[in-house]
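The structure under discussion appears below in the form of structure tokens.
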Amino acid sequence: MRVLLVEDNRRLSNSVRLSLVDAGYAVDCAFTGNEGQDLAEMTPYDVIILDIMLPEKNGLDICRDLRKKRINTPVLMLTARDTIDDRVAGLDSGADDYLVKPFAIEELQARLRALLRRESENKSGQLHLADLTLDPATHYVQRGGVKIDLTAKEFSLLEFFMRHPNRLITREMAESHIWSYDFQASSNVIDVYIRRLRSKIDDPFEVKLLETVRGSGYRLRLPDAPPAHHGNL
């Protein structure tokens, strides 16, 4: 999943970024309000972590502007102030959740997972498709009761597919959600990771779930779902 972190404290930003990358997230960082809003408007992030006190433009105004422009990406607001008025202002600006500094990185990650669950039909936290199960909290994957070991990027790619079951995922969509701007991807990087993922979640099993839509992309498909259309999304 791809995260935008807008935080002007560079030490805190770097610490949070490293922790989230270790957990499998792709993270873009902005250090001013204007830079953060520009990134939020041009990139389809899964979650935005937004500090309130920022140079150039504060987080409350950024959040209001994003909502006015119908950008409904979940927003987790950060602040050093913990008063009822501050929390109310953050939520009324359009934020989905609120976290007070200093915070434990484990709580931040738990709140990110909770925000992603709100966007999903499955509220238990675990993702299921046929006999395939993925748990974002523990990074545990199994199929047919068999544990499957995945790298961080393989896990992120599978999670993205499982959050959009039976939907055509183009290479561009997958790349934009799995890698941050500072990653220099080769032209076939998605195909390489798809092959690795397929060798682990499909090849050892009789029923295949990961479908190639020739000339378009890929789809994680229930066995009885109709084939994907080859036209535009």
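Identify the single condition in (1) of a type in the set (Asp, Glu); (2) under 24 Å from residue 152 (Cα atoms); (3) free of Cβ contacts under 8 Å to residues at least 12 places away in the same chain that residue 22 does not satisfy, given that it satisfies every other one.
All conditions are met except number (3).
Which one is surrounded by the fewest Cβ atoms within 10 Å (Cβ to Cβ) among residues in the stretch 98-133 that are at pLDDT below 90 and acidic (Asp, Glu)?
121
Here's a check for you: in the stretch 70-111, which residue that is over 16 Å from the mean Cα position of the chain (by Cα) and of a type in the set (S, T, N, Q) is nearest to residue 138 (Cα to Cα)?
Restricting to residues being over 16 Å from the mean Cα position of the chain (by Cα) and of a type in the set (S, T, N, Q), the top hit is 79.
For the stretch 6-26, which positions are crowded, with 21+ Cβ neighbours inside 10 Å and either part of a helix (DSSP H, G or I) or assigned by TED's automatic domain parsing to the domain that holds residue 178 (or both)?
Scanning the stretch 6-26 gives 16, 20.
Failed condition for residue 136, given (1) surrounded by 18 or more Cβ atoms within 10 Å (Cβ to Cβ); (2) modelled with pLDDT of 90 or more, with all others met?
Every listed condition holds for residue 136 apart from (2).
Any idea which of (1) assigned to a loop (DSSP other than H, G, I, E, B); (2) at pLDDT 95 or above; (3) buried (at least 16 other Cβ atoms within 10 Å of the Cβ) is the one residue 95 doesn't satisfy?
Single failed check for residue 95: (2).
Against the condition more than 21 Å from the chain's Cα centre (by Cα) and hydrophobic (A, V, I, L, M, F, W, C), how does residue 53 come out, does it pass? Lay out the reasoning, then the answer.
Values: more than 21 Å from the chain's Cα centre (by Cα): yes; hydrophobic (A, V, I, L, M, F, W, C): yes.
Considered against the rule, which asks whether it is more than 21 Å from the chain's Cα centre (by Cα) and hydrophobic (A, V, I, L, M, F, W, C), residue 53 comes out as yes.
Can you tell me which residues in the stretch 132-144 are in contact (Cβ under 8 Å) with a residue 12 or more places away in the chain and not in a strand (DSSP E or B)? So that I can check it myself, show each step before the final result.
Here is the first cut: in the stretch 132-144, the residues in contact (Cβ under 8 Å) with a residue 12 or more places away in the chain are 132, 134, 136-137, 139, 141, 143-144.
Hits for the stretch 132-144 are 136, 137, 139, 144.
Which residues, counting only those in the stretch 184-212, are touching an Asp or Glu at 6+ places or on another chain (Cβ under 9 Å) and either over 20 Å from residue 126 (Cα atoms) or in a loop (DSSP other than H, G, I, E, B) (or both)?
Of everything in the stretch 184-212, those that are touching an Asp or Glu at 6+ places or on another chain (Cβ under 9 Å) and either over 20 Å from residue 126 (Cα atoms) or in a loop (DSSP other than H, G, I, E, B) (or both) turn out to be 185, 189, 190, 193, 196, 205, 207, 208, 209.
How many residues does the stretch 27-86 hold that are surrounded by fewer than 24 Cβ atoms within 10 Å (Cβ to Cβ), among the hydrophobic types (A, V, I, L, M, F, W, C), in a helix (DSSP H, G or I) and in contact (Cβ under 8 Å) with a residue 12 or more places away in the chain?
The qualifying residues number 3.
The values are calculated or read from the model by the stated rules, or taken from the named source; none is laboratory data. Because the structure is a prediction, the values reported are computed rather than measured. Don't worry about glycine lacking a Cβ; one is built from the backbone with ideal geometry, like all the others, and counts go over all protein chains shown.
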